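The values are calculated or read from the model by the stated rules, or taken from the named source; none is laboratory data. Small disclaimer: the values here were computed from a predicted structure and weren't measured. We place every Cβ from the backbone using ideal geometry, glycine too, and count neighbours over all the protein chains shown. Each accessible area value is taken on the protein alone, full model and side chains, heavy atoms only, with ligands, DNA and RNA left out. Shrake-Rupley method; radii C 1.70, N 1.55, O 1.52, S 1.80 Å.
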Amino acid sequence: MDLAVLEEEVRNYDLSTAEGRASFRQRFLRKGGILDRLLSELPTLPLEERRLRGQRLNALRQLAQQRLAQAESHSSSPSLSPLAFADLTFPLVGLQPGARHPLSLIEQRVLTLFQRLGYTLADGPEIEDDWHNFTALNFEPDHPARDMQDTFFIDPSQGKLLRTHTSTVQIRVMERQAPPLRILAPGRVYRHETISARAHVYFHQIEGLCVDEGISAADLRATLEYFLTQFFGSGTRLRWRASYFPFTEMSAEVDIACRICQGKGCPVCKFTGWVEVLGCGMVDPNVLAACGIDPDRYTGFAFGLGVERLAQLFFQIPDLRLFSENNYRFLQSFATYAHLA
Ligand code: DAH
């Protein structure tokens, strides 16, 4: 029996008449009634399902009891309408509804779009080790790319550091799961930067990884073009550029036409008219091998999105610092975007 359907029925049952209330009681609250029967069937279900269904059934019974009690109290004192007591001229003491943080809104929007393609969530720690942040990702010991990212080391002698990218989660997932894999890993990352309108010591990324037999660059391109046109709108102009990352072979970056200046040139796009929104590529065979995945059998692609960058372009926010300063008026202005998430 579908509990959602039953809940609909409990919520919408007409309790305005005495007959309605009697038949409601008869159907839902009587001993041997429908809820009682469903509860007695619980022991035949597997443990986890039993727990969840038990909780929902109990909540449903409470709801039915509450609705009935409320309907009965209204019917016994019809003259006590709440309006009779209300002073309609009284000034409203505004209860300000809260607002989701713009970065959460954007993150949730990205996750929803990829969940439609079958991606699931993965997670990893912010305090990482050298293996997951660099070595398994094919950074050689004195590879210049290690300097590309200024790292906060916690304990250099043990290689403990704050992760500089969410690519660490690719490694963690591939180490413990066999393909086929399709995961998205959102999270905070840290870099030793001077705080300015364009850079911060921490920001947020979303890493994507897809590994299976026969995955090609065409899959990478189709997936990311689907995402970007859904996210920014179908008229958005994209530009693919060849790039380099130690953990991908081939590597690319994708730019979109700057939405802040419409391509005319502004500080956000460094007066080029284009803004980079993601890095991506085909997972380097060395990375698959480092995680115990056979590179002769499997191929994959990966990508990394900057959440602040997406939010900046989506909401046209010129200064990164606004995302972390908790200015009340700034945050409150996102209350109208609740539908995004
Ligand atoms: N980790 C890269 C960075 O922080 C972003 C990135 C690039 C992630 C390419 C990827 C990728 O998975 O394939 O700049």
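Given a 1.4 Å probe, how much area per residue of segment 3-85 is accessible, in Å²?
Working: 5650 Å² over 83 residues.
Averaged over the residues of segment 3-85, the accessible area is 68 Å².
Give the cross-link partners of Lys160 among the aspartates and glutamates, using a straight C-alpha distance below 20 Å as the criterion and excluding same-chain residues fewer than 8 apart.
Asp123, Glu126, Glu128, Asp129, Asp130, Glu140, Asp142, Asp147, Asp150, Glu175, Glu193
Rounded to the nearest percent, how much of the accessible area of the chain (1.4 Å probe, protein heavy atoms only) is carbon and sulfur?
Values: 9830 of 18560 Å².
Carbon-and-sulfur percentage of accessible area, whole number: 53.
Against the longest alpha carbon principal axis of the chain, how many degrees, from 0 to 90 and to the nearest 10, is the axis of helix 3-12 turned?
50
Out of every Cα pair in the chain, what percent are spaced more than 26 Å from each other?
Values: 36633 of 57970 pairs.
Of the Cα pairs, 63 percent sit more than 26 Å apart.
Per 0.36 nm of contour for each residue apart, how much would the distance between Lys160 and Glu8 grow if the chain were fully extended, relative to their Cα-Cα spacing? Before the final figure, lay out each step's value.
On the way: separation 152, 0.36 × 152 = 54.72 nm, distance 5.24 nm.
My answer for the length gained is 49.5 nm.
Measure off 7 Å from each Cα along the Cα-to-Cβ vector at Phe153 and Ile195, then give the distance between these two points in nanometres to one decimal.
Result for the modelled spin labels: 2.5 nm.
Which peptide among 304-314, 65-75 comes first, and what is the full order, when sorted by highest mean count of other Cβ atoms within 10 Å? Provide the component values of the computation, followed by the final result.
Numbers: 304-314: 22.3, 65-75: 13.5.
Packing proxy ranking, top to bottom: 304-314, 65-75.
Return, in residue-number order, each cysteine of the chain whose C-beta is not under 4.7 Å from any other cysteine's C-beta.
Those would be Cys210, Cys280, Cys291, since no other cysteine Cβ in the chain comes under 4.7 Å of theirs.
What is the log10 of I(q)/I(0) for segment 3-85, computed with the Debye formula using one identical point scatterer on each Cα and no solvent, at q = 0.22 Å⁻¹?
Per q value, in the given order, log10 I(q)/I(0) is -1.02.
Report the one residue of His200, Phe330, Tyr190 whose Cα lies farthest in the direction of the positive end of the charge dipole of the chain (charges on C-beta: Lys and Arg +1, Asp and Glu -1; origin at the Cα centre).
Of the listed residues, the answer is Phe330.
For Gln96 and Glu325, compute 0.36 nm times the residue count separating them, minus their Cα-Cα distance, and round to one decimal in nm. The partial results should precede the final answer.
Working: separation 229, 0.36 × 229 = 82.44 nm, distance 2.00 nm.
Using 0.36 nm per residue and subtracting the Cα-Cα distance, I get 80.4 nm.
Restricting to bridges with both residues inside the chain, how much of the DSSP beta-bridge set is antiparallel, in percent to the nearest 5? Don't jump to the answer; show the numbers that get you there.
Numbers: 42 of 44 bridges.
If I count the DSSP bridges inside the chain, around 95 percent turn out antiparallel.
Along Cα→Cβ, 7 Å out, is where each label goes; now give me the distance between the ones at Asp36 and Trp240 in nm to one decimal.
Label at Asp36, label at Trp240, 6.6 nm between them.
How high is the FRET efficiency between Asp219 and Ala338 when r is their beta carbon distance and R₀ equals 41 Å, given to the nearest 0.05?
On the way: r = 33 Å, r/R0 = 0.81.
My answer for the efficiency is 0.80.
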